[in-house]
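Enquirer: Take this structure first; my questions come after.
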Amino acid sequence: MKKNIIVLLYATFFAMLCMPMYSFSQNTFQIQSGAQLVCNGNIFTTLQDFSLFKNNGTLTSGNGTFVIQGNTIPTVIGSSGGSSIGFYDLVLNNTQGVQLAQPIMINDSLQMNSGNLNLKNNVVTFASSGGIKNETETARIMDDPTGAGQIIITQNLGASSNAIPGNLGVEINSSANAPGSTTITRYCGVVVYSGSSTGLIQRYYKIDPTNNSGLNASAKFHYLNAELNGADPSAAVLWKSSDNGISWSQIVPDARDVTAKWLQKNNINDFSMWTIGSSLSALPVIFSSFNTVCKNDGAFLQWSTGVETNSDYFVVEKSIDGNSWKDIVHLNASGITSDYQFEDHFAGHGFYRLKEVDKDGHFKYSKIIQSNCEVKNISVFLYPNPAEAFTSLTFNSSADFAGNVYIHDAGGRQVRKIPVAVQRGGNIIRINLLGMAKGVYLITLSEKDIQISKQLIVQ
């Protein structure tokens, strides 16, 4: 008969346990580079009151159990930028909680005995037969409200079978066609709809089956009270997005149980992204559109509200780089569903967002949109284009000013910033392209409210 082997590592005794392959310092357990920790057999490895478990070597989990335990300090698993750490069974029993600093993979189970697991934008991936055990209100998997932490499992789903893959919280029964291999992603932050997350719970799902038509399925979506984010479970509805979260439609559930904490929808023919939240009528403001067009060398902003109650005013905010924002105008809200507009005469290349402020002082932001409207009186030429070693910005200016030339790649990342002193009259700014990869770039001449951009191809 096999016996369980239990290894207890106490942070208070780290000085007695120092070995060449592991290091113990400041309540930290680290598998050093080149070292290997093997947990084959029925081995229980328990870290008691450690603040950090760090794997710079190799953790071979076998079919052993790793226990994170304590009641004095939270434990961090991993380090930022690290590759995924693999576990067979992982038991969390730290009343102060556990945080992830890098992704983890679990072959069998993640057992939530005590304390929360904060994903901190990281991913937990389960093997097809793995899953969550014992998740409760006081021992749950979570992230910060704006976080993007995820739990993922891929499992084969047949027809007419009630399944809760990985115990992630969505129960699927397809009475017609079998969904087949299905990837379910549970996000532990709050989805943002048209710039707002008001009334939407701190959990949403992406369900991606191989066969995604004619399913005639029912789905039961579970939640925890700690995730409600202001939504009333007795009146909450389902929300569905078929375009990867860009737009969402309200779906009235067919059944609910506020004690067991779930909402159910029947006769679903295809799956996509789903969440739970307040009904449309309960949300103060819903933006139905927000866009910009170039007009008279400026940016003409237009937006509409689909729902508007208790709204006080809108603030149009502008940014050159998409990070630092400033107010450019305040517009009073009408208090009813309305269309709004504003023209920025000094547009150029820039970013815009709306800040909607309620009468009670609460506020939220819209999505961010971008304009690329040239400013009157400055015409910029970029030559040569395409270019290899260098290119030049040639233009006339009606005034002297100090500005910058920014170079962004196709992904929007800034690769260079060049300070320039522009003189009244003709100007030629030579730009060195050596060291830049081939591709498409955006060259932007910027000064205060003036941003003029040209596309450049580097060969």
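The values are calculated or read from the model by the stated rules, or taken from the named source; none is laboratory data. Remember, it's a predicted structure, so these values are computed and weren't measured experimentally. Note that each Cβ is placed from the backbone with ideal geometry, even for glycine, and that neighbours are counted across all protein chains shown.
Enquirer: Within the range 271-329, can you find the residues that are at pLDDT below 85 and closer than 30 Å to Ser218 by Cβ?
Expert: Ser278, Ser279, Leu280, Ser281, Ala282, Leu283, Ile286, Gly306, Val307
Enquirer: How many of the residues in the range 380-432 are out of contact with any Phe, Trp or Tyr (no Cβ under 8 Å at 6 or more places or on another chain), of a type in the set (Phe, Trp, Tyr) and touching a residue at least 40 places away in the same chain (Cβ under 8 Å)?
Expert: Of the residues in that region, 3 qualify.
Enquirer: Now for a separate question. Run down Ile276, Ile246, Ile268 and say which single residue is touching a residue at least 60 places away in the same chain (Cβ under 8 Å) and among the aliphatic types (A, V, I, L, M).
Expert: Ile276
Enquirer: Can you pull out every residue in the range 253-274 that is of a type in the set (A, V, I, L, M, F, W, C), in a loop (DSSP other than H, G, I, E, B) and over 11 Å from Lys240 (Cβ atoms)?
Expert: If the condition is that a residue be of a type in the set (A, V, I, L, M, F, W, C), in a loop (DSSP other than H, G, I, E, B) and over 11 Å from Lys240 (Cβ atoms), then Val258, Ala260 are the ones that fit.
Enquirer: Separate question: Check whether at least one residue in the range 135-144 is without any contact (Cβ under 8 Å) to a residue 40 or more places away in the chain and part of a strand (DSSP E or B), and report yes or no.
Expert: No, there is no match, as no residue in the range 135-144 is without any contact (Cβ under 8 Å) to a residue 40 or more places away in the chain and part of a strand (DSSP E or B).
Enquirer: For Thr444, which of the numbered conditions (1) over 16 Å from Val380 (Cα atoms); (2) buried (at least 16 other Cβ atoms within 10 Å of the Cβ) fails to hold?
Expert: Exception for Thr444: condition (1).
Enquirer: Could you please let me know if Gln48 is in contact with a helix residue (DSSP H, G or I) (Cβ under 8 Å, 6 or more places away or on another chain), under 28 Å from Lys133 (Cα atoms), at pLDDT 85 or above and surrounded by 12 or more Cβ atoms within 10 Å (Cβ to Cβ)?
Expert: Answer is yes for this residue.
Enquirer: For the range 105-115, does any single residue satisfy the condition of being surrounded by fewer than 16 Cβ atoms within 10 Å (Cβ to Cβ), more than 16 Å from Leu168 (Cβ to Cβ) and out of contact with any Pro (no Cβ under 7 Å at 6 or more places or on another chain)?
Expert: No, every residue in the range 105-115 fails to be surrounded by fewer than 16 Cβ atoms within 10 Å (Cβ to Cβ), more than 16 Å from Leu168 (Cβ to Cβ) and out of contact with any Pro (no Cβ under 7 Å at 6 or more places or on another chain).
Enquirer: With respect to Gly147, is the statement that it is touching a residue at least 40 places away in the same chain (Cβ under 8 Å) and closer than 21 Å to Pro233 by Cβ true?
Expert: So Gly147 does not fit the description; no.
Enquirer: On the basis of being surrounded by 16 or more Cβ atoms within 10 Å (Cβ to Cβ), closer than 25 Å to Thr183 by Cβ and at pLDDT below 90, does Trp262 make the cut?
Expert: Judged against the criteria, Trp262 is not a match.
Enquirer: Strands (runs of 3 or more DSSP E) wholly in the range 42-131 with at least 1 residues that are of a type in the set (A, V, I, L, M, F, W, C) and closer than 27 Å to Thr182 by Cβ - which ones?
Expert: 85-94, 98-100, 104-114, 123-126
Enquirer: Just a yes or no: is a residue in the range 53-62 of a type outside the set (Val, Ile, Thr), over 36 Å from the mean Cα position of the chain (by Cα) and modelled with pLDDT under 80?
Expert: No; the residues of the range 53-62 include none that is of a type outside the set (Val, Ile, Thr), over 36 Å from the mean Cα position of the chain (by Cα) and modelled with pLDDT under 80.
Enquirer: Taking only the range 390-422 into account, find how many residues are touching an Asp or Glu at 6+ places or on another chain (Cβ under 9 Å) and surrounded by fewer than 11 Cβ atoms within 10 Å (Cβ to Cβ).
Expert: 2
Enquirer: Across the range 356-380, which residue is modelled with the lowest pLDDT among those that are in a strand (DSSP E or B) and under 17 Å from Ser289 (Cβ atoms)?
Expert: Once the filter is applied, the top-ranked residue is Lys364.
Enquirer: Let me confirm something: among Ser272, Ser218, Ser247, which residue is hydroxyl-bearing (Ser, Thr, Tyr), farther than 29 Å from Val357 by Cβ and under 21 Å from the mean Cα position of the chain (by Cα)?
Expert: Answer to the selection: Ser272.
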